[in-house]
Structure formats: C-alpha cells, structure tokens
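The values are calculated or read from the model by the stated rules, or taken from the named source; none is laboratory data. Because the structure is predicted, anything quoted here is derived from the model rather than measured. When we count neighbours, we look across all protein chains shown, and the Cβ atoms used for this are built from the backbone with ideal geometry, even at glycine. Areas reflect the complete protein model, heavy atoms only, side chains present, ligands, DNA and RNA absent. Shrake-Rupley method; radii C 1.70, N 1.55, O 1.52, S 1.80 Å.
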Amino acid sequence: MTAIGARVPRKEDPRLLRGRGRFGDDFSAAGQLWARVVRSPIAHGRVRRVDLSRARRADGVTAAVAAADLPTGLAIPVRLAVRGIDLSGYLQPVLAAGVVRYVGEPLAVVVADDPYAAEDAAELIEIDIDEAPAVVDAEAAARADAPRLFPGGNVAADFTLGYGDAETAFKRAAHVVEIEVAIGRHSGVPLEPRGMLAEPDPGTGSLAIFGMTKVPVFNRDLLATMLGIDPALIHVHAIDAGGGFGVRGEFYPEDYLVPWLARTLGRPVKWAEDRAEHLVAANHSRQQSHKIAAAFDAGGRITALADEVVHDNGAYCRTHGIAVPELTVAMLPGPYRVPAYRGRVRVVLTNKTPCGTYRAPGRYEGTTAREQLLDVAADRLGLDRIELRHRNLLGPAELPHHRPMTTLGTDVVLDTGDYPALMAATAAEMARLGYHAQASRPGPVDRLRGLGVAVFLEKSGLGPCDTAGVMVGETGAVRVLSGGTSLGQGIETVLAQIAADALGVDPQAVDVVNGDTDLQPAGTGSWASRSTVMAGNAVHLAASAVKARATQLAARMLEAAEDDLVVTGGTVSVRGDPAVAVSLGEIAQAASPASPYLRPGEPAGLAAHRRFEVTHMTYPHGVHAALAEVDPATGRVRVLRYLVASEVGRAVNPALVEGQLRGGAAQGIGGALLEEFSYDESGQPTAITFMEYQMPTAAEIPSIDVLLTELSPAPGNPLGVMGAGEGGISAAGAAVASAVRDALGLTGGVERLPLTPPRVRRLAETGQRRKPGRP
C-alpha cells in the first residue's frame with residue numbers, strides 16, 4: 001500500500017489552473033439557440049394570463065412557450081422517497097399554470113438566436129397574476145387557519161422518530177433543560193451557476209447533454225421518462241463543475257425544458273443561469289426551528305432527548321423530498337448515549353424558493369440545536385462543557401451502537417470510533433495551540449472573547465451500490481470509469497490513487513473519467529459524502545480484479561507460478577528476480593483477442609467492471625472549536641481561531657481531506673454569521689444580489705487548524721474509509737454559536753443563526769448574563 005495515504009497533488013489542478021477546464025458555459029454547438037426563462041415576480045397568486053404574442057414576433061426569436069404548450073401533467077418527482085409519505089400533491093410543475101407559489105417560479109421560456117435577443121424578448125411577455133396573500137412564516141403556515149397553498153394543506157409531512165419511553169424519563173428527571181433555536185435559510189451558492197446545452201441528433205433521435213452533474217444517471221433516466229424515449233438515447237457527458245454542495249445537479253425545471261426544446265425545435269439549445277436567477281431559483285436549505293429538551297439524572301447524564309422541529313421547505317417538495325428533515329431528527333442524538341428519544345418534524349410549505357440539500361443537510365441544523373442545548377445544560381448543572389459531553393459520549397466498548405430508527409432507508413448503526421478519546425485529543429490540541437491563552441489574553445477594551453466547542457456525528461457512504469471499471473491499455477496506461485461525478489472535491493485524484501495502489505503504478509499514469517452515462521451507465525453519482533466510500537471501493541474491487549488477471553496472464557507469459565509474482569512499478573516480476581518481468585502494457589497486448597495466452601472462453605482485454613454494495617452507512621465524527629471576539633456595541637463577531645478535529649477512518653489523500661474540512665468550516669462560518677435568504681411579508685425576497693446575501697470572504701475566515709485522525713477504520717468497506725466532505729461544516733454553526741454565547745456570558749442559547757450584528761447586539765442588551773466559562 002503506497003499510493004493510498006500519500007499527499008499527491010491533485011490531478012485536476014494542472015488543467016483547471018491553466019484555464020483548460022470545461023464547465024457548463026464553455027460548451028456550444030453549431031447552430032445553437034439560447035433559452036431565457038421567464039419567472040414569476042409574485043410570490044403567490046392565480047395565473048390569469050401569460051401572453052407570448054409580442055415575444056414570438058420579436059427579432060431573432062424562434063419560440064416562446066408557456067405551460068399550455070408543454071405535455072400535460074408534467075411534475076418533477078422525488079428522487080429520495082423516505083418514510084413512505086406521499087408527496088405527489090406537492091411536486092413542482094415544469095412551468096406554472098394555474099398558480100404561482102414563489103418569486104422566481106418558471107412561467108415561460110423564450111428561445112432565440114443569441115442570449116441578448118432571448119432576454120429582450122422575455123421582457124415582452126405579459127403576465128397577469130391575481131395576487132393572493134403570501135405565507136412566509138412556517139409556524140403560521142402550519143396552523144389550520146392559514147391560507148392554503150395546496151388542496152392538501154401546507155403541512156406536507158408530519159412524522160416522529162424515536163425509541164424508548166421519553167415521556168417517563170422526562171417526568172422522572174433530576175433536571176430538564178429546554179431551549180428554542182432557529183437556523184436561518186441559506187444555501188451553497190456555488191461559484192458557477194447552473195447551465196445546460198442539449199444537442200439533438202434528428203437522424204437517431206438521440207440527445208447529447210452537457211451540464212447535468214452530481215446524479216447524471218438518475219437525471220438521464222428521469223428525463224427519458226418525461227420525454228418518452230429510451231434512456232440509451234441520452235448521453236450525459238462528463239464536465240467540470242464549479243462547486244456542488246448539494247445545490248447543483250438535482251433535477252430542476254430547466255433540466256426538462258432545455259432538452260424538450262432542443263428535440264422539439266430540432267436544434268441545439270443552450271441555457272446559462274445568471275446569479276440573480278440562481279439566488280431565487282436554485283435550492284435553498286437549512287431553515288428550521290427547534291424546541292429541544294434534554295432530561296438529566298443527578299450526575300448530569302442524559303436520560304432522554306426530545307425535539308420538535310418545524311422545517312420550512314419553501315413552495316414545493318423537490319427531488320430530495322423530505323430527506324433533509326428526516327436526517328435532522330434521525331441524526332439528532334449524535335454520538336451521545338441517549339436511552340430514550342423522541343423527534344417530531346413538521347415539513348411546512350411556504351411562498352419561498354423550494355428547499356433541498358446543502359452540505360451536511362439536516363446535521364448542521366440538528367447539531368446546532370443539540371450542542372447549544374448542551375452548553376446551556378452545562379451551565380445550569382454547574383458542569384464544564386467538555387466534562388458534560390464526556391459523561392454522555394458513547395464509549396468504544398458500546399460500539400457498534402444500534403438505534404432502532406432508520407434514515408434514508410437504512411438502519412442507524414454507529415459502527416466504530418472512540419468519541420471520548422477524540423474529545424480529549426481536541427481539548428489537548430486547543431491547549432497546545434494556545435486557544436485558551438488567547439481567549440484569556442486582554443484584547444481591545446470594548447471587545448469580549450469566548451471559546452466554543454461542539455461535537456458532531458456525520459453519515460457517509462449511502463448505498464445501495466456504485467460501479468466502476470478499470471482497464472489497462474497496450475501502452476500500459478490505466479483508465480478508470482467511475483459512477484461518481486467531479487464537483488471540485490478531487491475525486492479524480494482519489495480514484496487514481498486507489499487504482500494506482502492496487503496496480504502498483506504512479507497515480508499520474510491513471511486517467512479517471514467520472515459522470516459519463518455512456519461509459520458508466522449505472523453510476524449513482526456523488527452526493528451524501530459517498531464518493532470515496534462507494535465509488536472508491538468499486539474502483540478498488542475492479543483494480544484488484546485487474547491485478548489478479550494481470551498476474552494470471554503474466555504467469556503464463558513468464559512460465560512462473562502466480563504465487564511467485566509481484567506487481568509493482570507497472571510491471572509483474574518474479575519475486576527476488578526483478579529482471580524477469582513483463583509490463584502491464586505487454587500483458588494487455590497478450591490479452592488481445594488473437595493472443596496465444598488466452599484460454600478458450602476467456603474474455604479478451606485487461607479490464608474489469610465491479611459493483612460495490614453496502615447495507616449500512618458509516619459514521620465519521622469529530623469536534624469543532626472556535627475562538628470568537630464580539631463587539632457588544634456593534635454586534636460584530638470576528639472568528640479569531642478555528643479548529644476541526646475529524647475521524648475519517650482512512651484518508652486516501654490527507655491533503656485533500658484537510659482541504660475539504662477547511663472549505664466546509666468556511667461555509668459553516670458563513671452560515672453562522674452572514675448568509676441568509678430573507679423575505680418581506682408579501683413573499684418578495686430581500687436578498688437577491690451579493691449586496692444583500694453576504695458571503696464570507698478571506699477577511700471573515702481565520703486560519704483553520706485541522707486535527708485529522710485515522711484511528712477507527714470503517715468496518716463496512718475494504719478500504720476502511722469514511723466520507724470527509726461534510727465534517728468541516730457539520731458543527732460550524734454550533735461552535736460559533738457556542739463561542740458567541742460564551743463571550744456574551746449568556747445563560748440561555750443564542751436563539752437564532754445567523755448571528756448578524758443586530759441579533760448579537762440584541763442578545764448583548766437583553767440576554768441574561770453569567771460569568772463566562774471556558775470549555
């Protein structure tokens with residue numbers, strides 16, 4: 001094992017840093033048309049008229065269509081169906097017909113010779129909407145007297161997860177602590193907005209698609225169903241993507257409109273989203289309110305946990321359905337010993353942009369609520385914050401720990417780890433790096449400093465399976481065909497290392513292709529921190545099979561026993577006599593159809609395709625710590641230091657894992673302090689540019705320390721890996737909230753994220769104070 005665990009440079013970087021990446025807007029086709037989507041300016045109302053006549057007569061316009069021009073009954077189905085709850089009455093139509101339910105909902109689309117003509121013509125479309133009252137508060141929307149957005153009401157789902165007798169535990173508890181906390185609506189806002197090019201072949205009826213990422217096979221199959229054609233006629237090409245984070249790659253209305261227009265018009269159609277569109281059209285996420293309580297015995301040990309969650313899902317249930325709120329309540333107990341638990345969630349629809357996933361969906365929200373509760377509990381019980389957590393963390397002897405719940409269709413089984421040891425290691429690392437000393441050091445006289453700590457439990461490696469192919473060419477070049485997709489996470493590098501490790505070659509000699517539906521027609525994509533676990537282990541199995549086949553053929557070529565051969569440096573040689581060897585390229589030549597080394601019935605070629613299957617997810621975990629400085633007069637919060645400690649089982653490339661953790665922490669700090677989609681009472685979004693939706697810059701993000709551990713390899717896969725894509729963000733909201741609470745000396749929680757200056761100033765003015773503690 002040499003390539004796995006090495007800090008090799010990213011294979012993607014030479015291409016991307018030289019400007020040779022191929023992103024959605026880089027693709028064009030001869031004779032292409034440009035599409036422009038016309039969106040509702042009203043949050044809620046009945047559509048009386050969409051007049052396309054002037055747009056259709058405009059110069060350069062080929063077509064303008066509204067809902068009446070499309071096949072009837074088009075609605076985008078749920079990809080992740082959970083808990084058997086029927087959401088069919090809450091799905092988003094491709095184009096709104098009778099009713100609009102959020103600002104930005106697609107009403108029509110114009111196709112023209114160039115994007116400027118399309119945009120000009122779009123402004124000629126006359127829209128008449130009979131405006132209705134908007135519902136923008138989820139708590140109010142859940143009431144029986146609220147205006148109905150759907151015939152079935154505004155509550156799309158109401159369900160409870162749990163185990164044990166929580167009610168009795170709360171009655172018998174020595175202490176009960178309860179708080180309320182809300183997490184504001186924000187999203188991934190990737191560097192590259194969405195885009196698509198659909199190129200039809202009138203001769204064959206096929207479609208080439210550029211721009212579908214993340215789950216291309218699912219999207220291909222869904223598109224084929226909606227178009228009424230064979231999936232084999234659709235080729236989704238692998239391209240680069242400027243960030244994913246859960247936002248990109250789901251099936252949106254434009255993913256049907258652009259291909260349908262291309263087939264209908266018989267010409268390539270291209271669409272590129274601008275940032276203003278993105279901020280009102282792409283998935284939002286996070287918005288939840290929690291009423292969370294814990295019961296404790298006299299020794300400060302949790303006897304029960306309960307949470308009432310209201311999840312604001314926006315106007316429709318999109319392709320993720322209710323996966324995010326389900327993950328919230330299923331994962332909320334975290335890595336703690338919780339004898340009884342009850343988590344109820346109501347998924348409420350409002351007149352806002354629909355929600356989906358965003359990096360660590362449900363866990364960022366639930367971790368924030370749980371860890372704030374534990375901070376408040378520690379003060380009320382008179383315990384140190386870390387000590388309270390130590391008393392309640394599951395120990396290694398208690399793992400695997402089975403919780404009688406399911407999420408995403410799999411049982412919750414915490415597989416491996418030493419949570420208390422990682423907590424202790426984090427505390428020691430904070431002391432070593434001077435966090436406590438810096439917190440105690442006098443700063444500006446008008447500033448307060450606080451330390452925050454938060455523990456997280458993640459999930460990764462969602463099955464049921466993924467596929468990969470590995471082949472060696474006659475030059476010795478190795479090619480990997482993966483069911484994963486490249487979203488900037490370094491998957492090309494990681495899969496190259498895994499294949500190189502099995503075949504004994506340099507990772508630079510391995511070419512990786514991700515997300516091409518013709519080359520890997522059964523791939524399941526990259527999401528839920530599953531790429532390394534699922535695609536990586538599929539590659540490992542395929543490469544190991546190629547190695548075994550290469551050894552078998554080399555034994556015939558060298559007239560040696562297979563057990564006497566070793567594979568290293570791109571050759572297969574006799575152990576102890578490296579001069580007696582054949583290269584992988586020579587073995588590939590010997591595997592050609594006419595080769596004398598092939599036995600009757602054996603397949604030609606040096607290649608293997610494998611499927612990796614799992615029945616349970618694996619659970620990365622860790623601790624975040626934050627040192628923050630608060631100006632109570634202005635409410636400004638500055639994060640001075642930040643530490644992420646994370647257990648990943650096994651790091652294929654530690655440098656990439658550390659990069660994922662740092663990037664996630666930066667996003668989490670943004671969501672904790674700055675980013676928020678807000679709406680006025682009429683449902684109009686008030687954050688429609690980066691002037692209002694405030695993204696963190698380098699000025700807001702401190703140097704982020706990382707403590708990466710590989711002490712608990714995952715037992716459920718051959719490589720022992722756990723996903724690392726979400727550990728950097730899961731506890732960021734909780735850690736920053738903890739630090740601000742500590743700085744202000746609050747007795748209660750921080751109440752709401754993001755901690756914007758007005759909210760922090762209000763907490764400083766009205767919050768009950770205590771003597772600041774230290775974790």
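For segment 484-593, state which trypsin sites (Lys or Arg not before Pro) are in a DSSP loop and have at most 15 other beta carbons lying within 10 Å of their beta carbon.
Arg575
Expressed in nm to one decimal, what extension gain is obtained for the pair Leu191 and Ala397 from 0.36 nm per residue of sequence separation less their Cα-Cα distance?
Length gained between Leu191 and Ala397: 69.8 nm.
Grab the eigenvalues of the alpha-carbon gyration tensor for segment 462-613, scale each by 5, take roots, and send me the semi-axes largest first in whole angstrom.
Calculated on Cα positions only, the semi-axes equal 29, 16, 12 Å.
From the residues Ala173, Val103, Gly162, which one has its Cα farthest along the dipole of segment 90-174 in the positive direction, the dipole being from +1 and -1 charges on Cβ of Lys/Arg and Asp/Glu about the Cα centre?
Towards the positive end, the residue furthest out is Ala173.
Which of rounded, prolate or oblate describes the chain when judged by the alpha-carbon gyration tensor and an a/c cut-off of 1.5?
oblate
Report Leu558's accessible area, 1.4 Å probe, all protein chains in place, as a number in Å² to the nearest 10.
We get 40 Å² for Leu558.
Considering only DSSP beta bridges where both residues belong to the chain, give the percentage that are antiparallel (nearest 5).
Just about 80 percent of them are antiparallel.
Kindly identify segment 321-363 as rounded, prolate or oblate by the Cα gyration tensor criterion: order the square roots of the eigenvalues as a ≥ b ≥ c, call it rounded if a/c is under 1.5, otherwise compare a/b with b/c, prolate if a/b is larger, else oblate.
It comes out oblate by the Cα gyration axes.
His175 versus Ala428, label points 7 Å from Cα toward the beta carbon: distance in nm?
Going from the His175 label point to the Ala428 one covers 2.8 nm.
With +1 on each Lys and Arg Cβ and -1 on each Asp and Glu Cβ, and nothing else charged, work out how big the dipole of segment 462-613 is about its Cα centre, in Debye to the nearest 20.
For this selection, approximately 260 debye.
Over segment 564-604, what is the mean sequence separation of C-alpha contacts under 8 Å (at least six apart), divided by residue count, expressed as relative contact order in percent?
Relative contact order, segment 564-604: 22 percent.
Could you give the nm distance between label points at Arg83 and Ala561, where each point is 7 Å from its Cα heading toward the beta carbon?
6.1 nm
Out of segment 554-611, which GluC sites (Glu not before Pro) are coil in DSSP terms and have no more than 10 other C-beta atoms within 10 Å?
Glu559
Please list, by residue number, every one of the GluC sites (Glu not before Pro) in segment 667-747 that is coil in DSSP and has at most 13 other beta-carbon atoms within 10 Å.
Glu681, Glu692
Restricting the count to DSSP beta bridges whose residues both fall in segment 462-613, what percent are antiparallel, rounded to a multiple of 5?
Within segment 462-613, antiparallel bridges account for around 80 percent of the total.
Looking only at Cα atoms, what is the convex hull volume of segment 1-97 per residue, in Å³?
Cα convex hull per residue, to the nearest whole number: 281 Å³.
Within segment 514-551, what residues put their amide N at less than 19 Å from the label point 7 Å along the Cα-to-Cβ vector of Arg599?
What the label zone holds, given the 19 Å backbone N cut-off, is 545-551.
Quick one: net charge around Gly299, please, counting Lys, Arg +1 and Asp, Glu -1 for every other residue with C-beta under 12 Å from its C-beta.
Local net charge: 0.
If you take the charge dipole of the chain about its Cα centre, with +1 on Lys and Arg Cβ and -1 on Asp and Glu Cβ, which of Ala122, Tyr252, Leu222 is farthest toward its positive end?
Farthest towards the positive end: Tyr252.
For the chain, what is the charge dipole size about the Cα centre, in debye to the nearest 20, if Lys and Arg each add +1 at the Cβ and Asp and Glu each add -1 at the Cβ?
1600 debye
Note down the magnitude of the dipole of segment 338-450 about its Cα centre, charges +1 on Lys and Arg C-beta and -1 on Asp and Glu C-beta and zero elsewhere, to the nearest 20 debye.
Taking the Cα centre of segment 338-450 as origin, the dipole is about 460 debye.
Relative to a virtual label point 7 Å from the Cα of Arg638 in the Cα→beta-carbon direction, which members of segment 451-466 show backbone nitrogen distances below 14 Å?
Nothing falls inside the zone, counting backbone N under 14 Å.
Tell me which lysines have Cα within less than 29 Å of Lys291's Cα, excluding those fewer than 8 residues away on the same chain?
Lys171, Lys352, Lys459, Lys771
Provide the FRET efficiency to the nearest 0.05 for the His390-Gln438 pair, computing r from the beta carbons and using R0 = 25 Å.
After rounding to 0.05, the efficiency reads 0.60.
Taking the dipole about the Cα centre of segment 462-613, with the C-beta of Lys and Arg at +1 and of Asp and Glu at -1, give me whichever of Ala522, Pro600, Ser544 is farthest to the positive side.
It is Ala522.
What distance in nm separates the simple spin-label points at Leu265 and Asp221, each placed 7 Å from Cα in the Cβ direction?
Those two pseudo-labels are separated by 3.1 nm.
Please work out whether segment 667-710 counts as rounded, prolate or oblate from its C-alpha gyration tensor, where a ≥ b ≥ c are the square roots of the eigenvalues and a/c under 1.5 means rounded, while otherwise a/b larger than b/c means prolate and anything else oblate?
Taking the square roots of the gyration eigenvalues as a ≥ b ≥ c, segment 667-710 is prolate.
Over the chain, calculate the relative contact order: mean separation of alpha carbon pairs under 8 Å at least 6 apart, over the residue count, as a percent.
Relative contact order comes out at 16 percent.
To the nearest 0.05, what FRET efficiency results for Arg337 and Ala232 with a Förster distance of 45 Å applied to their C-beta separation?
Plugging the Cβ-Cβ distance into 1/(1 + (r/R0)^6) gives 0.30.
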